[in-house]
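Comments concern the structure below.
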Amino acid sequence: MKAQILLAATAVMALGACRHSPHADEARQRASEAAAKVVGTNPTDTLAMQRSILDAKAVQSEYALMGDSVAVEIFDEEFQKYVAEHNARLAGQMFNDGSK
C-alpha cells in the first residue's frame with residue numbers, strides 16, 4: 001500500500017512539472033487564505049466549520065467555472081498542505097479516508 005502511495009505521489013509530482021495555469025499563483029494564495037480561515041475556526045462550532053469549508057470550496061469552484069482544472073488541483077493541493085501543516089488533527093479528520 002505504501003509503495004502504491006509513493007508511486008502515485010511520484011507520478012503526480014512528474015505531472016506537476018507539465019502543469020500550467022495562468023491562475024496558479026492566485027490559486028495558491030487563495031487556498032492558503034481559505035485554509036487559514038478553516039484552521040482558525042473553532043472546531044467545536046460545527047456550523048462555523050461547515051461554513052468556512054463551504055466558503056473554501058466556493059473559491060475553488062471559481063477556477064472550475066473558468067475551466068481551469070490545473071488551478072482547481074493547485075488550490076486543492078495547497079489547501080490540504082496548509083491545513084496539514086497547521087493542524088494535523090483537523091487534516092486527518094478532513095482528508096483521511098477513515099481507514100486508520
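The values are calculated or read from the model by the stated rules, or taken from the named source; none is laboratory data. Here the structure is a predicted model, which means the values were calculated and not measured. Glycine also receives a Cβ, built like all others from the backbone with ideal geometry; neighbour counts cover every protein chain displayed.
Values computed for the structure shown
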| item | result |
| --- | --- |
| Tally, over segment 81-93, of residues that are farther than 18 Å from residue 25 by Cβ, touching a residue at least 40 places away in the same chain (Cβ under 8 Å) and either assigned to a helix (DSSP H, G or I) or touching a strand residue (DSSP E or B) at 6+ places or on another chain (Cβ under 9 Å) (or both) | 3 |
| Residue check for residue 36: over 13 Å from residue 73 (Cα atoms), aliphatic (A, V, I, L, M) and modelled with pLDDT under 95 | no |
| Count of segment 20-35 residues which are in contact with a helix residue (DSSP H, G or I) (Cβ under 7 Å, 6 or more places away or on another chain) and surrounded by 14 or more Cβ atoms within 10 Å (Cβ to Cβ) | 10 |
| Matching residues in segment 39-79 - criterion: being under 20 Å from residue 90 (Cα atoms) and among the hydroxyl-bearing types (Ser, Thr, Tyr) | 41, 44, 46, 52 |
| Matching entry among 64, 34 (being among the small types (Gly, Ala, Ser) and free of Cβ contacts under 8 Å to residues at least 12 places away in the same chain) | 64 |
| Residue list for segment 51-94, restricted to those being over 9 Å from the mean Cα position of the chain (by Cα) and of a type in the set (Phe, Trp, Tyr) | 63 |
| Selected residue (criterion: surrounded by the fewest Cβ atoms within 10 Å (Cβ to Cβ)) from residues of segment 39-77 that are acidic (Asp, Glu) and assigned to a helix (DSSP H, G or I) | 55 |
